[in-house]
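Participant: There's a structure below that I have some questions on.
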Amino acid sequence: MDKTVFKNILQILIILIFNNFLAQKTPEKLPENAVNDTIPKKDTVVLKKESLEDVLRTKADDQRRDVPKRMTFLNKNAQVKYQDMQIDADYISIDDNKNIIFARGKQDSLGKIIEPVVTTQAGKKYETDQFSYNTKTRQAIAYNARTEESEGVIVANKTKKYNDSVFAMRHGLYTTDDYFIKKKDTAADYHLLASNIKLIKGKNKSQIVTGPIQMYIERVPTPLIMPFAILPFSDKRSAGILIPSFGEREDVGFFLNSLGYYQPIGEHFDVKILADIYTKGSWNLRPEMNYVKKYRYSGNFSADIGTTVRGIKGLDDYTKNSTYRIAWRHTQDTKANPFLTFTASVDLVSTKFYNNTVNNNYIFNQNVLNTQQNSTVTLTKRFLKLPITITGTASYSQNFATGFADLRLPQMNVAVNQFYLFKSKTGMRQGLLENITVNTGFNLTNFVNTSEGELFKKEMWDKMQTGLKNNISLGTNTTIAKYFTFSLGANIDNALTTKTLNRYYDPLQNVVVDEMDKKISGYSTFSTSASIQTTLYGMLKFKKGSAVEAIRHMMTPSIGFTYSPDFGDTKFGYYKNYYDANGALTPYSIFEKGIVGTPSSGMVGALGFNIGNNIEMKVKSKKDSTGVKKVKIFESLNLSGSYNFAAKDHPWSIFTINGQSSFFDSKLSVNTSLSIDPYKIIYLPGQDAGIRTEDFGHFSVQGFNVQLSYPLSSELFGEKVDYAKKYSAKGEIRNENYYFDDDNYAHFNQAWTLNVNANYAFSRGATRTGSQIASVGLDGSIKLTPYWNINGSTHYDLVTKELAYTRIGFSRDQRSFTINFNWVPFGQYKVYDFFIGIKANILSDALKYKDRSFTQPNAPF
């Protein structure tokens, strides 16, 4: 071809190409490997909305683009990034026509998925066998999807994503087993299985809603089936159903215990309603409300209202009793108001509540053994500039043995802070005058002893008494001759009351009648005391080579004198006389059975003594770094008594000895007391009550008590064995190590505890034989395996030779939950109780009874 012609053709082509670029908008440069649709060239161009709202980035070891089909294929180490989503898989295909991204996990030679597709979106990771995503509708379908939410994981056969907030799943399981979540095990130790699951995600809260759901343990189905479930994934408290424990009690039948519902109310309140249901007709309803305000106060209201049915209707053993219990606890934060505090501990129960309760928690906690119940509400006012404290109290004390209760409503105490009567001249207080301290206060009380049926009725108000007491106490001390402490004291009591006693003998009824006169009366009493005390030390050293190096004895003797007049004298008017059935003139105090107490009768001019002792010894010890150790023989050993110079008979008091000590490195604790009567007691033939004579020197034991407590444990009997060095064979289960000997027996550190308590008490008084109490109590636990634990307590009466309250408990520690079984095998309440407790916070309240608080925000399903 001619060079000129070729040159002209080349120029024409360059001009045409240049004009074509001028006629179109120059597109933005696409990133490497980006997929972009082409737009057909037309005279009039109408742009359609792009299916991709962001750049789709891809990478893989092998990439192929099928332009006619508008398909992209990624093989091996494939990855796609689109908006906030990232897909990692062995194979990914992108269909631009259908706007579909399809991903599949790595397969083995048989087509089984051995590595999943991993999809990450908004910080959440999802694992699937296959995954399909529509970039236009943002919907997705996944097969065998594994979704981690909060502390658990969901595995579903098929999952459909409708949008970023709603996921629908078919045949899915949920578990919190950490080993399964971390893929240390292919099977969860428990899971909840449902045919249909919906996962709903919110900005601050997510939750799972299911249809019928069943619990499996080690892939074995359990009878724990619920018609629906709601699992909240949130740091906030959520409402939900409480799953009960179940068991059997001999007197009331099979039961569901603590079935209920939990409902939070705002930030400061929540409500829980529990129910106990028994097959023989007994029932119990237990509402409870908790409240808290940070740095201010916290508390809760609770109640037990129910009916206990025993026996068969129509037979003699049939009984039906209604019971109630109302409780209120309130605690004020000390930082809220240091000058005004309010506390409440109210617990009101029906008289036979604990004998007829159907709440098994009271049995396992031994509340059924209660003989008394106390309630108190207290308001305390302090002042910044005034040295006084005002305390207002309302109290209610129930005695189940008598059926009566003591009510104090209201009771006010005004206490004046201790102060010195005289100022110090030098700044250092010296002498008796400068050390005089004064304590005083007032106490106003309204008191009545009434029955449950009279409570807040006219009969109760008629019996109520009002009393006002004032106490003034003065004391001082000084040092004499460097080694002696000399103390002086005086005590003054003043009292007023609205009711006094009038006692007389009614010959027609042959009874002594006590009447309460409604009139204001009062008394004043005083007493003085003086004492001197010192401390003496003694040391006994032994020869070299002896196991005992020395014994040290510290003695603290004290002598005191007390004086008070005879307020039983008729000139005071505090005591009166009446003629008894034998015609004998018998004195009594008009303040007996009153609220302000009774003035003392008879002059007191008593010289008392107390000798305190502390005895220790030093013994050689190779275990101690110093080569010696101290052993306490007696931490304290006190002897006390008195002689009343003003007494007309029996001037000597009963002598008392109290001792306290501990042995075996302070593990064994021993407390003992002994009372001795120095006067001879004679007994007439056929009579058990004795007569106390004036014959001094015939010492007899009137009372003796000893209490022993010894906490035993596996640590006290040697150090832990290093099985890693002792045995070569090793096996690991759930991060716990087993070691095997030559015979293939497993070994592990088997921890156990055993608390031994023993008590013996003898009380004789003036009787011939007296009475005694002797018992031994055991409380302990032992690990049969690292995951099986047995615990229990029992009490054996050595006098009646019978076992008292006994409880046995078994617990099994699984990876993600525990199984507990409690059993009371005999006694008045024979009962067993079984429940399952999930360790994860998300289900901790769902599958076992557990008191909620505001530090446990997650609710159950």
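The values are calculated or read from the model by the stated rules, or taken from the named source; none is laboratory data. Being a predicted model, the structure only gives us computed values, none of them experimental. Here the Cβ positions follow ideal geometry from the backbone for every residue, glycine too, while neighbour counts run over all protein chains shown.
Participant: When only residues in the stretch 652-702 that are farther than 22 Å from E616 by Cα and basic (K, R) count, which is surrounded by the fewest Cβ atoms within 10 Å (Cβ to Cβ)?
Facilitator: R692
Participant: Separate question: Of the numbered conditions (1) exposed (fewer than 13 other Cβ atoms within 10 Å of the Cβ); (2) touching a Phe, Trp or Tyr at 6+ places or on another chain (Cβ under 7 Å), P223 fails exactly one; give the number of that condition.
Facilitator: (2) is the only condition that P223 fails.
Participant: Related question: Looking at F447, F486, which is the one that is in contact (Cβ under 8 Å) with a residue 60 or more places away in the chain and either of a type in the set (V, I, T) or outside any loop (DSSP other than H, G, I, E, B) (or both)?
Facilitator: None of the other options fit; the residue is F447.
Participant: Could you tell me which residue of the stretch 548-570 is surrounded by the most Cβ atoms within 10 Å (Cβ to Cβ), considering only residues that are hydroxyl-bearing (S, T, Y) and within 46 Å of the chain's Cα centre (by Cα)?
Facilitator: S558
Participant: Still on this model: Out of G605, G641, which single residue is crowded, with 17+ Cβ neighbours inside 10 Å, of a type outside the set (D, E), assigned to a strand (DSSP E or B) and without any contact (Cβ under 8 Å) to a residue 60 or more places away in the chain?
Facilitator: Exactly one of G605, G641 is crowded, with 17+ Cβ neighbours inside 10 Å, of a type outside the set (D, E), assigned to a strand (DSSP E or B) and without any contact (Cβ under 8 Å) to a residue 60 or more places away in the chain, namely G641.
Participant: If a residue has to be loosely packed, with under 15 Cβ neighbours inside 10 Å, over 24 Å from L712 (Cα atoms) and of a type in the set (A, V, I, L, M) to count, how many in the stretch 767-821 make the cut?
Facilitator: 2
Participant: Determine which member of the set K125, K160 is touching a Ser or Thr at 6+ places or on another chain (Cβ under 8 Å) and either surrounded by fewer than 22 Cβ atoms within 10 Å (Cβ to Cβ) or closer than 18 Å to T186 by Cβ (or both).
Facilitator: Every option except K125 fails the conditions.
Participant: Which ones in the stretch 409-419 are at pLDDT 90 or above and surrounded by 14 or more Cβ atoms within 10 Å (Cβ to Cβ)?
Facilitator: Q411, M412, N413, V414, A415, V416
Participant: Name, by its number, the condition in (1) assigned to a loop (DSSP other than H, G, I, E, B); (2) at pLDDT 90 or above; (3) in contact with a Pro (Cβ under 9 Å, 6 or more places away or on another chain) that does not hold for A581.
Facilitator: Checking A581 against (1) assigned to a loop (DSSP other than H, G, I, E, B); (2) at pLDDT 90 or above; (3) in contact with a Pro (Cβ under 9 Å, 6 or more places away or on another chain), the one that fails is (2).
Participant: Let me ask something else. Mind telling me which of the residues Y133, Y190 ends up being over 26 Å from Q214 (Cα atoms) and surrounded by 15 or more Cβ atoms within 10 Å (Cβ to Cβ)?
Facilitator: Answer to the selection: Y133.
Participant: Report every pair of residues separated by at least 6 positions or lying on different chains whose Cβ atoms are under 8 Å apart, first residue within the stretch 342-356 and in a strand (DSSP E or B), second small (G, A, S).
Facilitator: A344/G299; S345/S375; V346/A327; V346/S375; D347/A327; D347/S375; L348/A327; L348/S375
Participant: Which ranges mark the strands (runs of 3 or more DSSP E) fully within the stretch 166-234 that have 2 or more residues being modelled with pLDDT of 85 or more?
Facilitator: 166-175, 190-201, 206-210, 213-217, 220-226
Participant: Ok, one more. Has the stretch 589-600 got any residue that is of a type in the set (K, R) and buried (at least 17 other Cβ atoms within 10 Å of the Cβ)?
Facilitator: Checked against the condition, which is being of a type in the set (K, R) and buried (at least 17 other Cβ atoms within 10 Å of the Cβ), the stretch 589-600 yields no hits at all.
Participant: If you don't mind, there's one more thing I want to ask. Being touching a Ser or Thr at 6+ places or on another chain (Cβ under 7 Å), free of Cβ contacts under 8 Å to residues at least 24 places away in the same chain and under 30 Å from S709 (Cβ atoms) is the filter here, so list the residues in the stretch 658-698 that pass it.
Facilitator: Across the stretch 658-698, the qualifying residue is only N658.
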